[in-house]
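These notes are about the structure you will find just below.
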Amino acid sequence: MKGLAVQEVQEPTKATETITKIVGSKYYTHVLPRLEDVYRWLCEGMTEYSIADELGICHNSLIEYKKEYSEIIEVYTRARTQRNSLVMNSMFSKANGVKEPINKVKVLNNGDIIEYTEETYIPPDVNAADLYLRNNSDDYKSAKADTGGLTLIQNNIHLPQLQEQLKQIDDQLKLLDAIETTYIEAE
């Protein structure tokens, strides 16, 4: 802060406290009025370099402002919490499996084109479930066991669930065979 004059300025705040303002600092002109924009940009995943560029300040200044001003620290904290919630919700969905609509196009024998939406089941991801539970449950013991310098990964296989999936696959194969047989007989 060499060469910058310091003057005390009385500004209305929540506690009507005296704020020491650095004359020549862009915080009050470039950053403070745009804190909600900074929050939105952080939630969208913009980098600090991009945010500084949008604000018209250099990256090092943004780093210094984060050390000095509680308002911007609070914005970063809120944005981090929001991003973490989004990631945890996505991880939770992936850990449980989801049905996703997929748009498809089919060309009929007569040349007509049909557009339709089909729901596809995406099975649970064991790694997502493990990571989610490790970070959200005090009682959960991870399947990843530390064995000295080695990491042992155990798969938790649930036989009834696998049998149900095998039955579903078998039913789909029978349906495809029936469709193929009907198509061959029709020719």
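Listing for the model above:
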read-out	value
Label-point gap, in nm, between LEU176 and LYS26 - each point 7 angstrom along Cα→Cβ	5.9 nm
Point-charge dipole on Cβ atoms (K/R +1, D/E -1) for segment 97-142, about Cα centre, debye to 20	80 debye
Gyration tensor (alpha-carbon) shape descriptor, segment 97-142, a/c threshold 1.5	prolate
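A short reminder: the numbers here are calculations on the coordinates, not readings from a lab. Remember, it's a predicted structure, so these values are computed and weren't measured experimentally. Here the Cβ is made from the backbone with ideal geometry for all residues, glycine too, and neighbour counts use every protein chain on show.
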